[in-house]
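**Q** Before anything else, here's the structure in question.
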Amino acid sequence: MLVDQHGEIVDEVIVTLFARPRSYTAEDVVEIACHGAPVILAHCLERAVRAGARLAEPGEFTLRAVMNGRIDLPQAEAVRDLIAATTIYQARIAAQQTQGAVSRRLAPIKAQLIELIALMEAGIDFAEDDISVAPASELFRRLDPILAQTTSLARSFAYGNLVRQGFSLAIVGAPNAGKSSLFNRLLEQDRAIVTEIPGTTRDLVSETAEICGIPVRIVDTAGIRESEERVEQLGIAKSYEAMADADLTLVVVDGTLQRDPALGEQARSQGRCLVAANKADLPGFTVQEGELAVSAVTDQGITQLREAIVDALAPRGELELSGGFITSLRQEQLLRESAALLTSAREAIETAYPHEVIMIHLEGALQAFGAIAGATSADDILNRIFSTFCIGK
């Protein structure tokens, strides 16, 4: 029972003991479950503090799990991503990483690097005996796969960051090209007003949708054309601003009419863009090179358009399709550091530098790998990671 300071019953609670080492933190943990009224929760917390407990720091439970060897740093970072997930796909990827998906990807690369360093050590030990334990050809054979895998994993961050952060998409085009219809189709709801009257959309209309499991802020803009009307001019100015601010611009053209290349050229000059030829369901429709044929009425080409939108920002490679990509900037930076050191080691082998010099680069790369999992992480790195967690977790 949860009682007040006078001994009066406030709530019935369930107290659960999670014994070490199988608890979340690998320590003895007691969990109190009470009813969810804010006043009851606050009272329960107040009684616990008065009894000698203290409030947890941001991310303290996960930090304790790391310090006690229950999980590693990539798993801890995935806990934060799982809490922040807004789509099922984001949650699934984060859940895979909390189960050690990143660490399993890293383990064989790290093991190969350790074997190479051991071989180099043997070469140094036997140097005085004139025995060639590690000739250049053998070093290249072992080093090249390590460098390739490290570089590939680092590059996967482009897609991983897209999954974790989401992106923005601006839909632009001439009046009556079907921008708002396509906007509604991507949202899978009737959010923007659609009529046969050109220039219906006068202001920016934005909504968040899910495309291939990734959260996307989609902005429908006013039709771009020459106009003397003041209100429409303001809307067109905002359309250009939306193009400049978006991560990707989708230029919609009417596939039954002659194209004006000016808008597409301007969109490409401002950043990444796709061109979709709408109205594929109508007679006289044509699709030109570089355009995606779609119909906002019949759904034709919409699935392909969704995939093209994601691939335009971060093409999905083999690692991404199998779920083996990284979503942490910290991990990406360490992998690139490791790849740079491995490249330096390769150049040192090519120029026949002494093995001791090559070893400096290889050991530096190994240290970067260790920092990913937390083996060589300093306190400031840990503090930076866990300061972004919610209180307690």
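Throughout, read-outs are computed from the coordinates displayed, never taken from laboratory work. Please read all numbers here as calculations on a predicted model, not as lab measurements. Here the Cβ positions follow ideal geometry from the backbone for every residue, glycine too, while neighbour counts run over all protein chains shown.
**Q** Using only Cα atoms, locate the centre of segment 62-79 and the centre of segment 257-279, then give the distance between them in Å, rounded to an integer.
**A** 47
**Q** Now a separate question. Could you sort the peptides 180-186, 159-165, 287-293, 33-39 by per-residue average Cβ neighbour count (10 Å cutoff), highest mean leading? Can you show the working numbers first?
**A** On the way: 180-186: 23.6, 159-165: 21.6, 287-293: 13.7, 33-39: 10.4.
So the peptides 180-186, 159-165, 287-293, 33-39, ranked by packing, come out 180-186, 159-165, 287-293, 33-39.
**Q** Based only on the alpha carbon positions, what is the Kirkwood hydrodynamic radius of segment 1-55, in angstrom? Mind showing how you got there, number by number?
**A** Numbers: mean 1/r = 0.0814 Å⁻¹.
Final number for the Kirkwood radius of segment 1-55 is 12.3 Å.
**Q** Pop out the ³J(HN,Hα) list for segment 300-308 in order, Karplus 6.51 cos²θ - 1.76 cosθ + 1.60 with θ = phi - 60°, rounded to Hz; leave Gly and Pro as x.
**A** 4, x, 5, 4, 5, 5, 4, 5, 5
**Q** If you don't mind, there's one more thing I want to ask. If packing is taken as the mean number of other Cβ atoms within 10 Å per residue, what is the order of 265-277, 20-32, highest first?
**A** 265-277, 20-32
**Q** So if R0 is 41 Å, what FRET efficiency would residue 297 and residue 99 give, r being the distance between their Cβ atoms, rounded to the nearest 0.05?
**A** Once rounded, the FRET efficiency stands at 0.40.
**Q** If you don't mind, there's one more thing I want to ask. Please list, in order along segment 255-270, the HN-Hα scalar couplings obtained from phi with the Karplus expression 6.51 cos²θ - 1.76 cosθ + 1.60 (θ = phi - 60°), rounded to whole Hz, x for Gly and Pro.
**A** After applying 6.51 cos²θ - 1.76 cosθ + 1.60, I find x, 9, 10, 5, 7, 9, x, 4, 5, x, 5, 5, 4, 5, 5, 8 Hz.
**Q** Classify segment 262-335 from the C-alpha gyration tensor, please: rounded if a/c falls under 1.5, else prolate or oblate depending on whether a/b exceeds b/c.
**A** oblate
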